[in-house]
Structure formats: C-alpha cells, structure tokens
Amino acid sequence: MRGEGVTARGKGSRFAPCASRLALFLATGAGVGYSPLLPGTVGTLWGVGLAWGFRETSDLVHLLGAILLLGVGVVVSGEAERLRGQKDPPCVVIDEIVGFWLAAFRVPTEITSYILVFLLFRALDIWKPVPQLERLPGGWGIMVDDALAGILANFSFHFLCYYGIKILG
C-alpha cells in the first residue's frame, strides 16, 4: 500500500517510512537503546539526565510532561514493536525514560536522592510488581509497567524519607 513502511521482517507499518524512523529514534531514546550492554539501564540514565534538566520546573509542568511522554511513548513503542517484529524489544527504552521521569517527581535535587530513586526504579522495573501489565496490547504493554515502577519508586523514596531514612548529602 502507498505510504506504508515495510520492515526487513516484512511487518507492515501504519506510518510512512520517515515517520517510522522517527518513531524508532524516539522509542530507542535517540539511539541509546541500541547499547550492547544493559540497554534498560542506559535508557534509565538518559531519563535521569532528562529529569535533572527539568528539575526546577513546577509540579504541573512535570506531570504534564509525564502525560505527554507517556502518550508519545505508547505510540512510538507500539510502532517500534511492529517494526522490530518482537514483543517489547530491548532497544525500546522510552519506557525507562518515562518511568524515571515519574520516579523523580518531587525528589530533592541532591545527587544522592537521584541515586536512590534510580536504584529503586531499576529494582522495581526489573522485578515487575504487576507482570500482567506487560500483556496489554502494543505500546501500552511496554509503557504502563514502567510507569507503575516509576510511581512506586517515587512513593518508596518519599516513604523512606518520611520515616527518617537519612539520605546522604
């Protein structure tokens, strides 16, 4: 069909070829998802940099950014899944980026706080507290479990801080 991109695996795309390349670019975190070692961790570090860059924004901007990134992530990760011909390809890291963005909500801007949130997020992302979320269709299955891991990491961080666990720094 005209305007339909086709991958090497023969899977059709609902996007034009240029848009498909853009979707892959965004889904892979500008290519960091192609890291040969620990692409999810590398993607999370990209999310750390993004969250750090926006650390002085208002809560409203942070939450609207999370909603926007989640929506974009659902679309582009679903497209990347179709293009790559596999469920939740390892190169797709926009889910880790968005997950960390949510994890960093209202976290103090000290490096030690970000390290703790990073560790909490990665642990929850790997553990998958609600593995059924990965069965959601397309990009939803890719994005929602990491969004939940980010929210739980954020709650865990604030719980630890509230109950007196001293953050170094």
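Against the conditions (1) aliphatic (A, V, I, L, M); (2) assigned to a helix (DSSP H, G or I); (3) free of Cβ contacts under 8 Å to residues at least 60 places away in the same chain, Leu26 satisfies every one except (3). In summary, Leu119 fulfils each of the numbered conditions (1) in contact (Cβ under 8 Å) with a residue 24 or more places away in the chain; (2) within 13 Å of Ser156 (Cβ to Cβ); (3) out of contact with any helix residue (DSSP H, G or I) (no Cβ under 7 Å at 6 or more places or on another chain) with the single exception of condition (1). Can you find, within region 93-150, the residue that is farthest from Leu45 (Cα to Cα) among those that are surrounded by fewer than 20 Cβ atoms within 10 Å (Cβ to Cβ) and among the basic types (Lys, Arg)? Only one residue tops the list, namely Arg135.
Being surrounded by fewer than 23 Cβ atoms within 10 Å (Cβ to Cβ), without any contact (Cβ under 8 Å) to a residue 60 or more places away in the chain and of a type in the set (Gly, Ala, Ser) narrows it down to one residue among Gly53, Gly85; which is it? Full working, then the answer.
Values: Gly85 fails: without any contact (Cβ under 8 Å) to a residue 60 or more places away in the chain.
It is Gly53.
The helices (runs of 4 or more DSSP H) falling completely within region 57-169 that include 3 or more residues that are small (Gly, Ala, Ser) and out of contact with any Leu (no Cβ under 6 Å at 6 or more places or on another chain) map to 59-84, 138-162. Only one of the listed residues (Ile126, Ile111, Ile94, Ile115) is under 12 Å from the mean Cα position of the chain (by Cα) and among the aliphatic types (A, V, I, L, M). That residue is Ile94.
Coordinate-derived values only; no laboratory data. A quick note: this is a predicted structure, and the numbers were derived from the prediction, not measured. So basically every Cβ, Gly included, is an ideal-geometry build from the backbone, and we count neighbours across all protein chains shown.
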